[in-house]
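Participant: There's a structure below that I have some questions on.
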Amino acid sequence: MQAHSFFTVYKDVHTADPFRDDFSDYGVPDWQKYVSCKERHIHLDSCLAGWGCCCLQVTFQGQSLRETLVLYDQLIPMTPVMLALSAACPIWRGYLCDVDTRWNALCESADDRTEEEKNNQETFVGLVPIIERYVKEELQGVTESSRENIHRYLELISKRAAGTTATNATWMRQFVSEHPSYKQDSLVTEEIQHDLMWAMQKVANGKEEVESKRP
């Protein structure tokens with residue numbers, strides 16, 4: 001297990017090529033001795049980037065081990081659904097990147113499973129087929145209206161995966177790209193961050209609407 005991770009920087013018109021991350025502003029002399037950077041990558045120097053960025057973590061306790069195992073099994077098919085619905089992390093350490101969620105940062109810095117445990121690509125059938133099979137075979141007592149709701153969620157996820165419907169991260173990346181102060185260099189300044197937060201607040205409060213389809 002390693003305590004750091006790398007995200008590919010979003011390559012824009014004026015992004016330095018090759019892009020090299022810089023820790024000079026952190027005030028550490030000879031920082032190159034302590035940080036191993038990769039070209040065209042944003043370096044996240046702590047596993048806390050994966051654990052604490054843009055997430056709501058909830059801890060709950062079952063009354064017994066049996067109940068806890070049941071709750072755990074019920075949540076397994078839900079977690080990737082919620083992750084896909086809430087993809088909203090396209091900016092890391094002030095740079096635009098090609099990643100939409102924080103999960104990759106968490107996995108790379110804290111996941112010590114073997115490839116066999118992770119299930120390699122040759123045998124993984126995909127998220128949506130797994131959930132559809134689970135709903136069909138395991139959720140026998142679910143009402144038809146609930147099945148329709150689940151189907152709509154899966155349809156939304158499929159459209160986002162196919163790129164026909166924008167994720168939150170896509171909208172955020174587009175906002176940055178269209179900001180008057182953005183110089184197409186992948187750098188998200190404090191001014192842009194400030195305006196982005198205000199725009200997000202207006203959308204959340206229903207004062208502005210956004211287009212859900214990809215541009």
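Participant: Among (1) within 27 Å of Thr79 (Cβ to Cβ); (2) in contact with a Ser or Thr (Cβ under 6 Å, 6 or more places away or on another chain); (3) surrounded by fewer than 15 Cβ atoms within 10 Å (Cβ to Cβ); (4) of a type in the set (D, E, K, R), where does Glu191 come up short?
Facilitator: Going through (1) within 27 Å of Thr79 (Cβ to Cβ); (2) in contact with a Ser or Thr (Cβ under 6 Å, 6 or more places away or on another chain); (3) surrounded by fewer than 15 Cβ atoms within 10 Å (Cβ to Cβ); (4) of a type in the set (D, E, K, R) one by one, Glu191 breaks only (1).
Participant: Right, something else. Go through the stretch 160-193 and report how many residues are of a type in the set (Val, Ile, Thr), part of a loop (DSSP other than H, G, I, E, B) and within 30 Å of Pro80 (Cβ to Cβ).
Facilitator: 3
Participant: Of Glu108, Glu115, which residue is at pLDDT below 80, crowded, with 16+ Cβ neighbours inside 10 Å and acidic (Asp, Glu)?
Facilitator: Only one candidate passes the filter, namely Glu108.
Participant: Tell me which of these Asp111 doesn't satisfy, since it passes every other one: (1) out of contact with any Ser or Thr (no Cβ under 8 Å at 6 or more places or on another chain); (2) without any contact (Cβ under 8 Å) to a residue 40 or more places away in the chain.
Facilitator: (2)
Participant: Examine the stretch 194-215 for a residue that is part of a loop (DSSP other than H, G, I, E, B), at pLDDT 90 or above and surrounded by 10 or more Cβ atoms within 10 Å (Cβ to Cβ), and state whether such a residue exists.
Facilitator: Among the residues of the stretch 194-215, not one is part of a loop (DSSP other than H, G, I, E, B), at pLDDT 90 or above and surrounded by 10 or more Cβ atoms within 10 Å (Cβ to Cβ), which makes the answer no.
Participant: What are the pairs with Cβ atoms under 9 angstrom where one residue, in the stretch 13-25, is without any contact (Cβ under 8 Å) to a residue 40 or more places away in the chain and closer than 16 Å to Leu44 by Cβ and the other, located anywhere, is in a loop (DSSP other than H, G, I, E, B) and among the hydroxyl-bearing types (Ser, Thr, Tyr)? Sequence gap at least six, or different chains.
Facilitator: From the stretch 13-25, the pairs are Phe23/Tyr34.
Participant: I need every pair where a residue in the stretch 57-78 that is more than 23 Å from Ile130 (Cα to Cα) has its Cβ under 7 Å from the Cβ of a residue that is surrounded by 11 or more Cβ atoms within 10 Å (Cβ to Cβ) and among the aliphatic types (A, V, I, L, M), sequence separation at least 6 or different chains.
Facilitator: Pairs that qualify, where the first residue is more than 23 Å from Ile130 (Cα to Cα) and the partner is surrounded by 11 or more Cβ atoms within 10 Å (Cβ to Cβ) and among the aliphatic types (A, V, I, L, M), are Gly62/Leu71.
Participant: Please specify each residue of the stretch 1-41 satisfying the condition of being closer than 30 Å to Thr114 by Cα and aromatic (Phe, Trp, Tyr).
Facilitator: Phe6, Phe7, Tyr10, Tyr34
Every residue, every condition in (1) farther than 26 Å from Leu196 by Cβ; (2) touching a Cys at 6+ places or on another chain (Cβ under 8 Å), yes or no:
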| residue | (1), (2) |
| --- | --- |
| Val70 | yes, no |
| Asp73 | yes, no |
| Met78 | yes, no |
| Ser86 | no, no |
| Pro90 | no, yes |
| Tyr95 | no, no |
| Val99 | no, yes |
| Trp103 | no, no |
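The values are calculated or read from the model by the stated rules, or taken from the named source; none is laboratory data. Just so it is clear, the structure is predicted and the values come from calculations on it, not from any experiment. Note: ideal-geometry Cβ built from the backbone for every residue, glycine included; neighbour counts use all protein chains shown.
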